[in-house]
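The values are calculated or read from the model by the stated rules, or taken from the named source; none is laboratory data. In this text, all values refer to a predicted model and were calculated from it rather than measured experimentally. Virtual Cβ from ideal backbone geometry, glycine too; neighbours counted across all protein chains shown. What goes into the accessible areas is simple: the full protein's heavy atoms, side chains included, and nothing from ligands, DNA or RNA. Shrake-Rupley method; radii C 1.70, N 1.55, O 1.52, S 1.80 Å.
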Amino acid sequence: MQQSLRRLGLLSLLLIALAACGSGTIQTGPGSFATATTVLNAFSLGSDFPPDVQIPDIAGMDSTAFVVTFTPAAVVPVDLNSTPLKVSEQFKVLDLSTLPAAAFPNRLRLLSPTQGLLLAGAALIYFNPGTGAILGQTDLGAALDLTETLAYSRPGDCDFDGSPESSVGPGTFSPSFAADLAVLGGKVFVTMSNSCFDPDFSSFYVQGLVRIFDLHEAEPFLTPAAKPYLALSGFNATGLTVANGKLIATSSGDTELVGNASLPETPSFLDEIDPQTLQITRSLNLGKVAANFRAMAVTEDGAEGFLGSSAFSEVYEINLRNFSVQRGIDNPISVSALEQDYISDQTIPFGGKLLFVSSFNQSQVFAIDLADPNLPVLEQSLNFAFSENPGVTGAGPMAVRPGEPGVDFSGPDLFVLTNAPGTISTAKTY
């Protein structure tokens with residue numbers, strides 16, 4: 001009973017914090033952002049380091065931002081038509097505080113007003129956004145029967161038996177650390193980074209995997225596909241991008257923390273997956289760029305993809321037609337003069353003329369001019385730093401509101417999650 005009251009109290013505190021928000025600091029930026037304004041703390045989440053936000057381009061859902069929070073573990077729907085922003089009355093909070101397997105929610109995908117999927121630590125949660133009800137859950141750590149050998153990013157004692165190894169399999173293997181999910185061709189794909197730790201807590205990785213499930217309209221909603229997994233080309237499987245009817249899985253690679261710097265130790269890879277044959281059709285070695293952990297930003301024609309670095313102030317351009325690097329390790333798009341940075345997300349707003357990239361280390365959003373073949377970074381940026389914050393605010397995941405700004409909606413078009421404090425902060429960029 002006491003535990004139930006405690007969980008109810010946590011959720012109540014979250015909702016009180018959410019209801020008490022709306023007054024933020026307004027800042028102005030010039031240039032192509034000549035009339036741009038940012039509002040800090042447009043909506044207080046009461047939970048630091050929110051991992052995901054989605055504004056679905058789905059009728060009936062496109063005026064709601066669904067935000068994943070940690071404490072308590074939840075998905076919070078926010079009404080974007082309200083002034084100030086407030087918790088939605090149309091959709092309900094998904095409360096995961098009573099589900100131990102969902103202690104660390106991560107990525108969210110909304111399929112319809114009654115269907116949603118959430119990566120939640122050890123489980124994949126199937127839920128109803130309209131009611132907030134959990135409809136089913138799938139164990140993402142369930143053992144797979146490997147038919148091949150998976151390499152380690154470096155020799156290590158992953159099973160703590162006192163004997164360092166360099167690979168695992170064939171045989172039984174339990175994947176770990178789900179990173180991203182995508183839905184395509186009636187199937188659900190989940191990247192598993194398979195992080196391991198030595199007894200001295202030094203990290204390394206088992207070769208990345210994508211788990212594959214068939215999606216059904218009724219229980220059981222998710223069942224293992226005929227081909228239940230694919231082994232990827234690299235280590236630390238992270239983002240999943242849907243483009244041109246294919247799925248592209250990012251393997252960010254292993255990194256080593258040296259001082260305050262994250263240094264890549266293995267290359268980043270992109271693997272293109274055919275959702276029908278469940279085969280990897282093309283692979284691309286990006287080099288030691290420490291590709292970030294989000295989906296690529298893809299142009300409207302599907303020709304180009306853009307992906308930032310989790311270690312450097314750089315963005316890379318991928319030609320998705322011939323699956324080649326246009327701007328890569330030797331000629332990156334340099335976002336700023338900062339040597340070490342974490343480009344935490346990338347997205348392309350309505351019109352397709354700009355690319356927004358968020359910098360965690362600088363708590364800013366930069367814009368790259370896609371209409372210029374040289375892809376210059378605009379001199380101006382949008383500042384999301386809290387001036388009284390003793391540490392790094394950290395601009396993180398972003399979402400743009402579907403539709404044409406000023407025509408289909410008024411108000412902000414860009415929604416940025418800040419990490420400490422955890423907020424939805426906004427920008428009107430048109």
**Fill in**
If we keep only residues of the range 260-281 that are open to solvent by 30 Å² or more (accessible area, probe 1.4 Å) and either aliphatic (A, V, I, L, M) or in a loop (DSSP other than H, G, I, E, B) (or both), then the residue nearest to F306 (Cα to Cα) is P267
**Message:** I need a count of the residues in the range 302-320 that are in contact with an Asp or Glu (Cβ under 8 Å, 6 or more places away or on another chain) and either over 17 Å from T255 (Cα atoms) or polar (S, T, N, Q) (or both).
**Reply:** 9
**Prompt:** Among the numbered criteria (1) over 23 Å from D48 (Cα atoms); (2) surrounded by 21 or more Cβ atoms within 10 Å (Cβ to Cβ), which single criterion is violated by G403?
**Reply:** (2)
**Request:** Name the residue, out of P412, P390, P402, that is under 19 Å from the mean Cα position of the chain (by Cα), assigned to a loop (DSSP other than H, G, I, E, B) and more than 30 Å from I280 (Cβ to Cβ).
**Result:** P402
**Asked** Could you say whether any residue in the range 66-85 is open to solvent by 50 Å² or more (accessible area, probe 1.4 Å), in a loop (DSSP other than H, G, I, E, B) and at pLDDT 95 or above?
**Response** yes
**Prompt:** Across the range 140-178, what is the total count of residues that are in a strand (DSSP E or B), more than 18 Å from L222 (Cα to Cα) and of a type outside the set (V, I, T)?
**Reply:** 14
**Item:** Answer from F386, F312, F360 - the residue that is touching a Pro at 6+ places or on another chain (Cβ under 8 Å), open to solvent by 20 Å² or more (accessible area, probe 1.4 Å) and free of Cβ contacts under 8 Å to residues at least 60 places away in the same chain
**Value:** F312
**Request:** Among residues belonging to the range 231-262 that are at pLDDT 95 or above and polar (S, T, N, Q), point out the one that is nearest to the chain's Cα centre (by Cα).
**Result:** T238
**Prompt:** Any residue in the range 197-211 that is assigned to a loop (DSSP other than H, G, I, E, B), at pLDDT below 95 and among the charged types (D, E, K, R)?
**Reply:** yes
**Extreme residue, modelled with the highest pLDDT, among residues of the range 13-59 that are part of a helix (DSSP H, G or I) and surrounded by fewer than 20 Cβ atoms within 10 Å (Cβ to Cβ)** = S32
**Asked** For the range 232-259, how many residues meet the condition of being farther than 25 Å from Y126 by Cα and assigned to a strand (DSSP E or B)?
**Response** 5
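Just give me the residues in the range 214-242 being open to solvent by less than 10 Å² (accessible area, probe 1.4 Å) and among the small types (G, A, S), in sequence order.
A225, G234, A237, G239
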**Fill in**
Those residues of the range 331-350 which are touching a residue at least 12 places away in the same chain (Cβ under 8 Å) and part of a loop (DSSP other than H, G, I, E, B) amount to P332, V335, S336, A337, L338, E339, D341, Y342, I348, P349, F350
